[in-house]
Amino acid sequence: MTRTVHTTRTLHTARTLRPAAPEAAIDSSQVLPVVDEVAFVTGFPAFTARRVAAQLLATDPRARLALLVREKFARDAERFLAELPDDAGRRAEIVVGDVCDMDLGLSGAEYRELAAHTTTIHHLAGIYHLGVERAVAERVNVEGTRGVIELAGECRRLRRLCHYSTAQVSGKRKGVVLEEELESGQTFFNAYEATKFAGEKLARAAARRLPVTILRPGVIVGDSRTGEIDRFDGPYYLLRLIVASPEGVRLPLPGRGAAPLHIVPVDYVTDAALALSRDERAAGGTFHLTDPNPLPARRIYELIAERAQRRPPRGFLPGRLARAVMRAPGLERFARAPRTFLEGMDHLVFYNTRRTQALLAGTGIECPPFESYVEHLVRYVRDAHAAHRRLLEDEVFDPFA
């Protein structure tokens with residue numbers, strides 16, 4: 001088990017970013033040894049932040065990590081680091097703070113230490129729930145980003161600031177969206193998209209003076225090899241509905257289903273993000289981490305039904321009628337899809353990935369086709385449903401709640 005040394009604001013794991021200190025005390029005047037990578041990661045305990053942190057330590061045996069964690073999740077972070085293989089967690093430090101607070105909620109000494117030694121920042125903290133209130137989304141997605149950029153500006157050894165945006169900053173725009181494009185007068189389906197757009201504008205402005213890489217994932221689903229995920233929202237509204245539906249029932253598709261669903265497995269997102277964060281050519285660039293060959297919603301619905309051994313959909317319903325169907329007896333507890341999600345099922349937009357594919361060429365990192373991992377997604381949801389997992393029953397998990 002990872003031993004911790006407690007202070008009033010942080011939980012420092014053994015063998016943290018500082019060099020080893022005598023057992024009696026930790027001298028705060030000591031400085032970091034020179035290492036290849038000292039990464040600062042926000043967004044814990046969200047699934048993607050966990051994956052980035054774990055993979056960063058696993059793929060670079062010299063890397064050290066500072067993990068920003070809200071106080072309510074500090075014990076969870078301790079367990080997370082302790083359970084990492086090969087004692088990788090012993091190269092990490094838990095820093096208790098909040099991206100929404102001044103100086104990220106850190107003391108002056110903590111802030112100065114991060115600024116002195118951090119080489120890479122992975123800013124994953126954000127509100128992702130489509131139904132979030134505007135004020136909450138702005139506080140986290142905009143002001144939180146502003147605070148992280150301010151820290152980056154103080155980092156004397158900064159090599160890269162990776163800002164995790166979303167492909168959905170395109171809002172209601174239709175047609176092909178290029179990676180270098182952002183502002184085109186678009187409006188948005190919800191506060192999530194609007195505030196992520198505003199946060200990306202801040203990151204783009206900072207790129208004039210800092211080595212910023214902007215990453216735009218599609219809608220993240222589970223691991224393409226195991227199906228593992230931490231929350232069942234977005235496309236999982238459909239997946240859960242199909243898996244939980246009575247056998248023999250042929251559910252109609254919400255919307256016509258001709259537009260693509262831009263889903264992407266979490267392992268591709270983290271693999272690509274870390275590769276780009278280590279590539280000097282990616283500094284100053286924006287990258288779509290999306291499936292370059294997305295399937296239309298109807299085909300995805302059909303594949304899920306096939307793997308779940310349910311009858312394929314027949315016909316379609318407009319969004320408002322689809323919500324009524326989802327409230328049918330036996331299905332109402334799975335019907336939490338917000339209106340904006342159903343509207344997005346018929347939103348005809350395509351994300352160009354030319355830059356991403358050019359820089360990832362030769363790395364072996366490619367987005368797998370949906371057909372190759374849909375079975376794993378279905379099995380994970382089916383197992384969760386059978387076990388009456390809290391994840392399936394409760395409201396969408398929100399790390400900032």
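What follows draws every value from the coordinates through simple rules; no lab data is involved. As the structure is a computational prediction, the values presented were derived from the model and not from experiment. Here Cβ is always computed from backbone atoms with ideal geometry, including for glycine, and neighbour counts include all displayed protein chains.
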About the Cα centre, and with charges only on the beta carbon of Lys, Arg (+1) and Asp, Glu (-1), how big is the dipole of region 132-263? Nearest 20 debye, please.
340
Relative contact order for region 129-249 using alpha-carbon pairs under 8 Å, separation at least 6, rounded to a whole percent?
32
Show the residues, 5+ positions off or on another chain, whose built amide H is closer than 5 Å to the amide H of Val221.
Val264, Val266
Can you return the lysines within cross-link range of Lys196? Criterion is Cα-Cα under 22 Å, with same-chain partners fewer than 8 residues away left out.
Lys172, Lys174
For the pair Arg256 and Lys174, the simple spin-label estimate (label points 7 Å beyond Cα toward Cβ) gives in nm 0.9
If we sort 97-104, 217-224 on the protection proxy, mean other Cβ atoms within 10 Å, highest first, what's the order?
217-224, 97-104
Among His288, Gly234, Leu210, whose Cα sits farthest toward the positive end of the charge dipole of region 194-292 (+1 at Cβ of Lys/Arg, -1 at Cβ of Asp/Glu, about the Cα centre)?
Leu210
Out of the trypsin sites (Lys or Arg not before Pro) in region 186-245, which ones are loop residues according to DSSP with at most 11 other C-beta atoms within 10 Å?
Arg208, Arg209
